[in-house]
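Take a look at the structure below.
The values are calculated or read from the model by the stated rules, or taken from the named source; none is laboratory data. Given the structure is predicted, the values throughout are model-derived calculations rather than measurements. For neighbour counting, all protein chains shown are included, and Cβ atoms are generated from backbone atoms with ideal geometry for every residue, glycine included. Please note that ligands, DNA and RNA were not included when accessible areas were found on the heavy atoms of the full protein model with its side chains. Shrake-Rupley method; radii C 1.70, N 1.55, O 1.52, S 1.80 Å.
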Amino acid sequence: ETGVTQSPTHLIKTRGQQVTLRCSSQSGHNTVSWYQQALGQGPQFIFQYYREEENGRGNFPPRFSGLQFPNYSSELNVNALELDDSALYLCASRTWGRLNSPLHFGNGTRLTVT
Amino acid sequence: AQKVTQAQTEISVVEKEDVTLDCVYETRDTTYYLFWYKQPPSGELVFLIRRNSFDEQNEISGRYSWNFQKSTSSFNFTITASQVVDSAVYFCALSEAEGETSGSRLTFGEGTQLTVNP
């Protein structure tokens, strides 16, 4: 069973730039969620994708957007990067509708905005 | 709004000691899920347990045990005979049990850094 994989591992961007982070869901999972984890804090929910549509969003502005592909892989896009966007971005997957399907997380992408 | 509080920011113990990590939550939902995750330095959040709000039975898994008390809105985690490999940040989390983001939209606490010294 392949787990959740994310790329790249680390990324450095300049304020105002755009970034795309990628995620491959665990095999058999059809729902993907993205989280932002600032240093020393707990992860915060950004949004969830199911059937290639966003169907749940946390308190994040529209410059945070995503895509889910037919093979259940996913992208997180962040436009007009700000210094406060520096964080660990975690992707997680599970199976929609299966009660005993907890979220499984990847190792994350560490984004630094300078 | 949901909220999870982990009052212990850091805990340091010596190997083989027992240690309990506290978690208190707030929610207006009548049904919900509670979780514990472990985050080693590698960054990956490792799932440990999920508890349904209807199920107040305590659970034991090897050296790990969980005490869920709905009356006090607490879901504490105990590691018996701690080992150096248990050193990590531990997160308690809460999720609604109904709706489209059930089980996916987790509200996490701030985490407890556990250090087990040899």
Which of the residues spanning region A:45-56 are more than 7 Å from chain B (Cβ to nearest Cβ) and either acidic (Asp, Glu) or surrounded by fewer than 18 Cβ atoms within 10 Å (Cβ to Cβ) (or both)? A:51, A:52, A:53, A:54
Positions within region B:86-118 being under 20 Å from residue B:22 (Cα atoms), crowded, with 20+ Cβ neighbours inside 10 Å and of a type outside the set (A, V, I, L, M, F, W, C), in sequence order: B:90, B:95, B:107, B:109, B:111, B:112
Filtered residue count, region B:1-20, keeping only those that are at pLDDT 95 or above and either assigned to a loop (DSSP other than H, G, I, E, B) or farther than 13 Å from residue B:114 by Cβ (or both): 10
Strands (runs of 3 or more DSSP E) wholly inside region B:21-79 containing at least 2 residues that are open to solvent by 40 Å² or more (accessible area, probe 1.4 Å) and away from chain A (no Cβ under 11 Å): B:24-26, B:59-61, B:64-69
Those residues of region B:55-72 that are of a type in the set (Val, Ile, Thr) and more than 14 Å from the chain's Cα centre (by Cα) come to a total of 1
Across region A:11-60, the tally of residues that are among the basic types (Lys, Arg), in a strand (DSSP E or B) and within 18 Å of residue A:83 (Cβ to Cβ) stands at 1
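What tally of residues in region B:87-101 results from selecting those that are in a strand (DSSP E or B) and farther than 27 Å from residue B:114 by Cα? Working first, answer last.
Looking only at region B:87-101, we keep the residues that are in a strand (DSSP E or B), and these are B:88-96.
From what is left, the residues that are farther than 27 Å from residue B:114 by Cα are B:96.
Of the residues in that region, 1 qualify.
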Over region A:73-114, the set of residues of a type outside the set (S, T, N, Q), more than 10 Å from chain B (Cβ to nearest Cβ) and more than 17 Å from residue B:105 (Cα to Cα) is A:75, A:78, A:80, A:81, A:82, A:83, A:84, A:85, A:87, A:111, A:113
How many residues, within region A:31-44, are within 15 Å of residue B:93 (Cβ to Cβ) and either among the hydroxyl-bearing types (Ser, Thr, Tyr) or facing another protein chain (nearest Cβ under 9 Å) (or both)? 7
